[in-house]
Structure formats: C-alpha cells, structure tokens
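The values are calculated or read from the model by the stated rules, or taken from the named source; none is laboratory data. Owing to the predicted nature of the structure, the values given are computational and were not obtained by experimental measurement. We place every Cβ from the backbone using ideal geometry, glycine too, and count neighbours over all the protein chains shown.
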Amino acid sequence: MSYETFNVDVDSDGVALVTIDLPGKSMNVWNAELMKEFSQWVDSFCADDGIKGAVITSGKSSGFLAGADLNMLGGGGAGGMVSASGKEKFEAAFALNAMLRKLETGGHPAKALLNGQAHAKPVAAAVNGLALGGGLELVLACHHRVVADNPKIQLGVPEVQVGLLPGGGGTQRLPRLAGLQNAAMLATQGRPIDPNTAKGQGIIQDVVPADDVVAKAKEWVKANPKVTQPWDKKGFKYPGGAGPMNPGAVQFHVASNAMAQRETSHNYPAVQYILSCFYEGSVVPFDTAIRIESKYFLKLLSSAQTRNMIRTLFINKQAAEKGEQRPEGVPPTEIKKVGVLGAGMMGAGIAYVTAKGGMQVVLLDRDIEYAKKGKAYSQGIVEKGVSRGKVTKEKGDELLARITPTTDYNDLKDVDLIIEAVFEDPDVKADVIKRTEAVIGQDVIFASNTSTLPITGLAKHSERPDQFIGIHFFSPVDKMPLVEIIPGEQSGDRSLATALDYVGKIKKTPIVVKDTRGFYTNRVVPPYINESMLLVTEGVKAALIENAAKSLGMPVGPLALCDETSQELGLRIAKATAKETGQDPTNEPVYQLLLKFVEDLGRKGRKSGGGFYDYPEGGKKHLWPGLTEYFPLADEQPSLEDVKERLLYAQLIPAAHCFAEGIVSDPQSADLGAIFGWGFAPWTGGPMSHIDTIGVDEFVRKAESLAQKYGPRFNPPNHFREMAKTGETLYKSAA
Amino acid sequence: MTEAYIYDAVRTPRGKGKPDGSLHEVTPVQLATQVLEAVRDRNEIDAGEIEDVAFGCVSPVGEQGAVVTRTAILNAGYPQTTSGIQVNRFCASGLEAVNIAAAKVKAGEADLTIGGGVESMSRVPMGSDGGAWPTDPSTAFKTYFVPQGISADLIATKYGFSRDDVDAYAVESQKRAARSWSENRFAKSIMPVKDVIGETVLDHDETVRAETDMQSLGALNPSFAMLGENFGFDAVALQKYAEIEKINHVHHAGNSSGIVDGAAAVLIGNEDIGKKLGLKPRARIRAMASIGSEPTIMLTGPEFAAKKALARAGMDKKDIDLWELNEAFASVVLRFMQALDIDHSDINVNGGAIAMGHPLGATGAMIFGTMVDELERSGKETALITLCIGAGMGTATIIERV
C-alpha cells in the first residue's frame, strides 16, 4: 500500500522506514490527511506479521514534525463540530491519542503487556529536526527516540501558548519520562528544549550525528524485537514519584498550582488543565490517563477563548508577518542597507533590530558622539546576550560590524531604505528629509518613525511623497513586537510593500493603520491610563487599580505604565490637547492630578522623582505611601470586578472607535495591535475578539450603562450599536 | 430540649511535637487511651454507662487512622458496647467532637458521652493525610488556596497589625501561660502521661517560655515570606484581596501556635445520668455553632461562629464573661478582638497555643476544659470557646457555670 503523506520502505529484515513528507508543504504537520493515512499504516503495521518493527523519520530538512495544523483546529476540527454529540466530539479529540496508543502497544491490551503475555513491535523515532507539539508526542509514543546532535533542534510542547494542551499523550508521557517538575516546565510554559537537555531529562535516549539517526534507530529496533513502554510494565514508578500521597509530588502540585495562578491570574485555563492532567493522570492506568487528557483537551478546543487565541496569536499573526496586507503585484524589495536617521533612543533601537535582521545600517546623527552612543546601545544588548549565552561572540561581533555611525549624509547614498527617527519637530524633520533625499537613490523609500506627526503632513516636505510612509516602532524597540505602518495620502503601493518587507526581515508583527493623530495604539492607551488616574482622584486604592489590571491580564498596572511614560509627558500632552481643542482643562481631575504631580510634588515619572510608585535604589518599586495624603481614600471602595470592568472598557471603547473610524481596517489588525502593541490581555485574543465573545449587543449594553454611570467617554461607537441591532459580528466566524 | 451538662474535663500536658519531645515515645492511641481511663477512673464510673465517644483527629492516617477513637476505647478497657467516632474539622475537631457529644445528649440519643481529641504531631506530622484541596488543580485554583501562615499574614496586613502588635500579643500569651502554671490553674484537668512501665513522662506543658520578650521575638525571621514570595502564594492571596499591594509577613515560630502532642476528653451527660452516677454538673452548654467563611483569608471564621452562637443562645456579647479563641496565630486573636471589640483582659486569660501549643485534633477539647476550670476559679458565669479552621470555617460553643 502506498501513502501520499509518507513513504514506507521495508528492508530485508522486515523493518519499515516511515518517512513523513507532506506533499507541497514546507513543514510536516498533523493535518487531516496525515492523521488518516498514518492511522491506516498503524493498523497494517500491527496486523502484518512480516513487519518486525519500524523507524519513523521525516523527509523534510525543515524538521521532523511541527505539531497539529492549527488552521485545521482553529477552523473546525473537534471544536468546530457544533452539531456533534459530546461522545462524537470526544472520539474526534481522542483520535491522535488512540492512534499513538495503538502504535506503542502494538494493539495489545494493557493487561497483556503488564503480565508479559504480549509485547509491542519496536518503533523508534529518528528525529532529524524540530519536533513540536503533536510532533514530539509522536516521538514520545515511540519506544526509542534518537535525535540528531544539533543544539538548534527544538523539542517541546508549545500548545499552551495558543490556549491548548498537548492532546496526544504529551501530558502523560512527559511526566512519566521526565518527572512532574520537568514536564510541568515544558508543558505549562511551552518553551522548547534542545536534544541534550531532553536526553538529560530522560525524554529521549540518544543524541547522535545527524547522518546517523536512521541507522541508529534501526539498529535499536533490530536489537529489541519485543518491547513494552515503561509505564506498561509492572512496578512502573514516575521519576521523582507521583500521586496524592507522595510527599514530593504533593509539594510539586501545591507549589505549581500557586505559581500557575500567579503567572496566569486565572485567565488561562489551559495551564490549569495541564496541571489537572498531570494530577489526575498520575493515579490511573495509562489508557484512562490519555482519555482524561483528551477530555480536558476537548474542553479547551471547544472554548471561544482558545479559538480567539489560535486565531490572533497564531493564524493572524503569521498572516500579518507573511505580508497579508502587502499590495499585490509589487515585486519583493531587496533591502541590504538601511539608513537610520537620528541615534536617540528610538534610532538606536531601530539600528539594533535592523542589524539583527541581517541588514547593514548607516546610523546618522548630527554629532558623531551621538551616533556612536547610538551604536553603543546595540553593543550593550549584544554583550548582555553573549554573557547569558543567548548569542555567540562571533555572531554578536558580526551584528555590531553591520552598524556604521556617521554624521555624513553622503554615507546614505547607497541605502535601500531610510528610517527617520529624529526629534519630533516638523522643522527638524523637514530639514532632514531634504538633506537625505538629496543623496539617496531616486527610488529609495523614506519611512518616518514619528509617533505624533501626521505622515501626510510630513510627506509635503518630500520630493517624492509617493515613496514616503510611516513605520512606527514602540519603545524599547528591541523588545516590543509590534510595528505600525502608516501610509500617507500619497504613499504608493511600493512604499507599503517595502515597509512590510522590511518589517518581515526584522521579524516583527506589522499592522497597517490610517494616518490620524496617535495612529491606533496611541489612541487607545492614553484613555486607559487616564481612567486609572481618574480612579485615583476618586479615592480608589492604588493597589486595587494595579491589581485589577493584572487580574485582567495586563502585563503591568496602568499607574506603573504612567510612571514609565512619565507624568511630565502626560501633562505636556494634556496641555497641547487643551490648546488644540480650546477646552479649559483646569477643572478636570486628571489634569489637576498631573499638575500636582509634576509642578507641586516634582514626581514627574519613574526617571524623575518617581510617580505613583517610589523606586528605591537596588530595591523593588512600591506604591508611593504619600498618595493618599493628596488623594484621600474613599470610604466605600469599588469591587475588584467594577474596577476591572472600567479598565477593560477604557480600552475596548477607544479600540472600537478606531475600528469604526477605519483607523484599523479589520478586526485582525485591531487585535494584533492591541496585544503586541500595548500588551492587551492576550487570553482574549484582542479587543475585537473579546467583543465578539461577550457579544456585540452585550458590549453595547454594558458600555451604555458605564457611560451613564461614569460619563460619555464610555459610549460605544454608533457603528457597534448598528451591529448590535443587526446581529452582525466583527469576525465572520464569531458564533 | 434536654440540657447537656459537663461533668468532667481532662487533658494531657502538651509535649513538644518533635522527636525530642517528651511525648514522642508515646503512641497517639496511648494518649487517647490514658485520657479515657482518667475520665472513667477519677469519676469512679462504670465505663459501660458511656455510650459514645467522639474524638477529633486532624491527620487520621497511619497510627491515627482506622478510627483511633474506637481503638482507644477498646485499649482503655471500656466495654465493647461503647462506640467511637473520629471527627475531622481541622483545628476545631476537638471542640466539634465535644459539640457532637453534647448534641447526642441534647437530642436524646445518648445519656452519657465523651467528646475530645488526640493528635501526636510528632509521630503523624501535619499534612500526612494529603487532601485534594491544595493539591488538585481544580480545587486549588477555585479556592485560591494559600497555606494558613500566608492567611495569618494576610489578616495582619488587611486589618493593620504590625510585627510589634503580634509579637506583643505573643509575649503576653507566654506570660499568662507561665502564671497559670505557677498558680496551678490547670491542676483540675491535667493528667500526667505515663509510659509503659507506669512512670510519668510528662506532667506539664513543655513549650511554655516565660522569659520570652519583644527582643527575643524580634530576632526571629518571618516564617512565610519565602513561601509567599517564591512559590506564588502571596500573588494568589492578592488576586482575591486586590486592595492590598503587598503582604506584610509578620508571623514566625514565636507568635504562632506550637506543634505539640496531646489528648483531651470531656464527659457530658444529661441531668438524670449525673444524679444516677452521683456526678456533679460543672457547667452546661448554652449554644453551639459552626460556620463557613472566606477560604483564602481562612482564619477569620471565629468572629462569625461566635456571632452565630450568641444569636442561637439569645445572648449579647456583653453577656460573655470570658472568651477563649485558639491562638493559631497572633493576628487571628487580634482580629477577633478588633471585630467584636473585646478587651485583651477578657480573652485567653490563661495563655494559649502560642505558649502551650496546638495539638490539632485535641485543642478544642483542651481549651473547652480550660474554660470550665477558669469559670470555677474566677467565679464567673459564661464563656465562649472558639477556633479558627482551615479552608475557612469557625466553630464556637458557649458554656455557663452551674
């Protein structure tokens, strides 16, 4: 029998070499075809007495097997079987487990294996590249695991990162091989390990030169004609012990439960369910344990949260990074050399990520000392990376060698792209644009990293406004994953395509946004921080505000965020806005708060006198105890849920406005921008996904009730009111 | 309803709950056996009159397993007709066992019963019985489980008790316990523990340290800071108590209850059985109550249990002359005093578990006996006995001298 998704080659000793090689795919994944065919092969393998054993490997140089096809899971799979019964859904979720279990038992009942009345045929994995998720789970179900000696090979179960758990026996085989502690690190954090670490933990048995993996695996198969997995033998014990009466295991469970709650704030059920699979699975026979795992897997797979996470954090993120918004028909631009104008904090960061992306960088500033200082920023990051073993000295040196600090505009003459990050002053920018365009090639795209000035306005200073575009980075550039791309009124397709090609090279996530003040993220974050300051002025405990945000899933509290961006900047913006709108801010509580902080108290922000927090040298920051002196606590404190809701809607409403006004053209971009731009609770899949999940009508109702209580800023956009009436959803498959 | 009278109360001294503690060589069944023998022998009654015995035990596994109460009944030479039950309501098990024994009398199910408890913490360490609550992710997450020490520190943080406050309370507890011993205030109840050759191995509470002062306590490091910060428990507590920025870890070995071994028994019956056996009633049960409270802060239950018991007795807190709250942690008592506005001079007048220790399953019955003795000694009328309980519960009993 022949298969489409893999090749089976039986040698003269009766050992089958199964080489998985999905046609037309760059990487092997568990998709419907492979599932179907592999299952057929397992059946025939168990039934055919002529076959003595098997080695499973991959025909792809890209890796062994990268896990389940999330497009399949996200789009349908067991989660999409809306009309199926619970039992049918379970059987679908259990399919991978059932197949892998048959492979490792040879189809024999566990009792027969336990008594030694039956044995499985030996199956070895010859792992020649990364094995993740369901890929590693296939490896674990083999009796012997040989991996190529290459520290870059990733072995792991990253399912938790999209709200899932390893549902192909991973939560059961990993702790039985590596112990509860090691398995929990792998499965609850989702970070992969290298082959030697995996060997040290007992997850694999052998690390050999890449060319020998198949031979070594075969050798083992031939030497071990009758095999049984350790957990199918009598007297099996978990390394380190397990079970609710084992003191070490109890300590592990109690501590991991608490640490998981600390890390997830109860927002990620996948982490809890993984720990439940460990706990519940450790006291029952293996066949029961994998059924328990599949039940928890199904619970996650059928949840809106997991669908949202898969869609935003995986499918849409990848699509954006692959240039989904790239205009058609523009050939890929080759970007070898980039001119970065201005070596301040942003310019220095942009130079680093550009050099890291393999491009040459001309880092220009007025003063050579500034330019060198800008390069020194990269040096700092590289040195830290080398000392932590994250990058080799050699690679680090190469990166630094790609950055050339200069003051001479002539050095820009052969660049392929300009990114301008000079002072946010239209006159300064105008001058820089002119001087640059005088030397660069006629067809070079000029990008501005402005965060406050309209691109269309800046483009007026350009001779070639069709080649002028905004590429907005976030600070710190090397850490923040999002980039906003802002076409001006006259920006041409080629400028957008080039910007996206560049962002692809630096491996960041792009969204395309409309040229309006603040673009997208800076339209949403200020109202959110304002709401937190307003809560302070109302006498709400600062700790409650900060903890409410963390409980929502925000990485830091809004008051801490305000300290970072600084009260000083907040006040400056408030004053500028007042000037622009002509509205007197004197009576606005947040304005008064900022005035008090900046002008009376000298608490201008983290770097200047502290803010809502004190920052003791060498110690941890803590809330400033003097706050209640100036903003006395209210006798009645709101509930945690109330504060959470206000902080959530203070982000949802402006994000909805941005969508309604077309600042972000689609819910995908709005969601990506929120999560990767300002850390909006990733468990929601983003604000638009969240609105769909709670229901647009419910969102509108809640927003209106908040508006009644707290003010019109909470009113939902009319567009959403209309959607609520017609029952329209943001995503087409939101139901 | 039938009145339940207290005819006697005995307890062992409390031995340090470590391998070098005096009671470590004595099995928990022996501790239970000896208090049962004492109740029978010093009242000179036929044990056959005792119909049922309820004993608290918090780690009922190993040699405390298999209904340790029944084993001790048979071991004490009671007739086979006396039944036994083992009760677990965590730290209030001993008081709950007394309440069950009293309830059987009140309900007319039995005429004469014993309530009490036993715990050899040196031989069957705390936590030996495992349990789903903190271990099973589904329950640990749902309840925001944190260990009791974190809860005690959370109480101190939330209700504003400083390290000095809790230490000062502990110093006073030691002082009161030492005074009680020097004035023989426990003499009526204390029953020295004998070894297998009949020699006394312990006749006094072993962990009392009269010399404790603020300075000596000040030298101790907080016990739960590491646990809270490194293992995530502080964060879990703050997820529920979000108005708090940081938990102030104030408790340590010197202001928390000691780990000890011991047993206690209380003889309870109706009026007629007393007359029949020539026993003199010493006090009567006015009310009993148990409640559930918020499980993460866990140890604030006594306030609500006390209020419920007062309401059931139709009493006001002003009607209570003496208060006894188990000193699980100093902050638990300080919070109780704050919540009910109780003067320190009216509560735990003879010291408590910070000085003398907390043999989990037995403590409730021990402090119950302490109050019976103290009402008689001081000539006062009423006492309320209560304990904080794991997983957020409280049990309280009101007694009145007769």
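A few remarks follow.
- Failed item in (1) closer than 25 Å to residue A:229 by Cα; (2) within 14 Å of chain B (Cβ to nearest Cβ); (3) modelled with pLDDT of 95 or more, with residue A:291 passing the rest: (2)
Residue by residue, here is whether (1) at pLDDT 95 or above; (2) on the phi > 0 side of the Ramachandran plot; (3) aliphatic (A, V, I, L, M); (4) surrounded by fewer than 22 Cβ atoms within 10 Å (Cβ to Cβ) holds:
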residue: A:516; (1), (2), (3), (4): no, no, no, yes
residue: A:520; (1), (2), (3), (4): yes, no, no, no
residue: A:528; (1), (2), (3), (4): yes, no, no, no
residue: A:532; (1), (2), (3), (4): yes, no, no, no
residue: A:537; (1), (2), (3), (4): yes, no, no, yes
residue: A:541; (1), (2), (3), (4): yes, no, no, no
residue: A:552; (1), (2), (3), (4): yes, no, yes, yes
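- Looking only at segment A:235-257, and only at residues there that are assigned to a helix (DSSP H, G or I) and aliphatic (A, V, I, L, M), the one that is farthest from residue B:127 (Cα to Cα): A:255
- Look at (1) touching a Ser or Thr at 6+ places or on another chain (Cβ under 8 Å); (2) at pLDDT 95 or above and you find that residue A:89 fails only one, number (2).
- Scanning segment A:261-277 for residues that are at the interface with chain B (Cβ under 8 Å from one of its Cβ atoms) and more than 23 Å from the chain's Cα centre (by Cα) yields one hit, A:276.
- Close pairs (8 angstrom Cβ cut-off, 6 or more residues apart or separate chains): free of Cβ contacts under 8 Å to residues at least 60 places away in the same chain in segment B:144-155, part of a helix (DSSP H, G or I) and of a type outside the set (Phe, Trp, Tyr) anywhere: none
- Single residue of segment B:310-351 satisfying the filter (aromatic (Phe, Trp, Tyr) and in contact (Cβ under 8 Å) with a residue 60 or more places away in the chain) that is nearest to residue B:251 (Cα to Cα): B:329
- The residue list B:59, B:122, B:93 contains one member that is within 14 Å of chain A (Cβ to nearest Cβ), over 30 Å from residue A:296 (Cα atoms), surrounded by 19 or more Cβ atoms within 10 Å (Cβ to Cβ) and small (Gly, Ala, Ser), which is B:59.
- Residue list for segment A:607-620, restricted to those being within 14 Å of chain B (Cβ to nearest Cβ), surrounded by 12 or more Cβ atoms within 10 Å (Cβ to Cβ) and assigned to a loop (DSSP other than H, G, I, E, B): A:612
- Qualifying residue in segment B:248-267 (condition: within 14 Å of another protein chain (Cβ to nearest Cβ) and more than 21 Å from the chain's Cα centre (by Cα)): yes
- Unmet requirement for residue A:294, which otherwise passes all of (1) farther than 30 Å from residue A:695 by Cβ; (2) surrounded by 24 or more Cβ atoms within 10 Å (Cβ to Cβ): (1)
- Looking only at segment A:664-689, residues that are assigned to a helix (DSSP H, G or I) and within 20 Å of residue A:718 (Cβ to Cβ) come to 4 in all.
- The residues listed here are B:328, B:362; of these, the one that is in contact with a Gly (Cβ under 6 Å, 6 or more places away or on another chain) and under 24 Å from residue B:10 (Cβ atoms) is B:362.
- Only listed residue being on the phi > 0 side of the Ramachandran plot and touching a residue at least 60 places away in the same chain (Cβ under 8 Å), chosen from A:609, A:662, A:605: A:662
- Condition check for residue A:646: away from chain B (no Cβ under 14 Å), among the basic types (Lys, Arg) and at negative phi: no
- Of residues in segment A:278-288 being farther than 22 Å from residue B:232 by Cα and of a type in the set (Ser, Thr, Tyr), the one farthest from the other protein chains (Cβ to nearest Cβ): A:288
- Selection from segment A:210-234 of residues that are touching a Ser or Thr at 6+ places or on another chain (Cβ under 9 Å), in a helix (DSSP H, G or I) and not acidic (Asp, Glu): A:213, A:214, A:217
- Pairs, first more than 14 Å from every other protein chain (Cβ to nearest Cβ) and assigned to a loop (DSSP other than H, G, I, E, B) in segment A:621-639, second surrounded by 10 or more Cβ atoms within 10 Å (Cβ to Cβ) and not small (Gly, Ala, Ser), C-beta under 7 Å, six or more apart: A:631/A:536; A:631/A:537
- In segment A:244-260, the residue that is nearest to the chain's Cα centre (by Cα) out of those that are facing chain B (nearest Cβ under 7 Å) and not β-branched (Val, Ile, Thr) is A:259.
- Remark: residue A:452 falls outside the filter, which requires a residue to be of a type in the set (S, T, N, Q) and under 23 Å from residue A:336 (Cα atoms).
- Taking segment B:130-243 as the region of interest, the helices (runs of 4 or more DSSP H) fully inside it that hold 1 or more residues being in contact with a His (Cβ under 8 Å, 6 or more places away or on another chain) and within 14 Å of another protein chain (Cβ to nearest Cβ) are B:132-135, B:137-143, B:148-159, B:225-230, B:233-240.
- Close pairs from segment A:208-224: first outside the structural domain of residue A:153 (by TED's automatic domain parsing) and more than 11 Å from residue A:123 (Cα to Cα), partner among the hydrophobic types (A, V, I, L, M, F, W, C) and buried (at least 17 other Cβ atoms within 10 Å of the Cβ), Cβ under 7 Å, at least 6 apart: none
- The sole residue among B:356, B:393 that is more than 30 Å from residue B:140 (Cβ to Cβ), surrounded by 24 or more Cβ atoms within 10 Å (Cβ to Cβ) and out of contact with any Leu (no Cβ under 7 Å at 6 or more places or on another chain) is B:356.
- Residue ranges of strands (runs of 3 or more DSSP E) in segment B:309-402 with at least 3 members over 24 Å from residue B:181 (Cβ atoms): B:382-389, B:393-401
- Applying the criterion of at least 1 residues that are away from every other protein chain (no Cβ under 14 Å), of a type outside the set (Phe, Trp, Tyr) and in contact with a strand residue (DSSP E or B) (Cβ under 6 Å, 6 or more places away or on another chain) to the helices (runs of 4 or more DSSP H) found wholly in segment A:535-597 leaves A:558-565, A:567-581.
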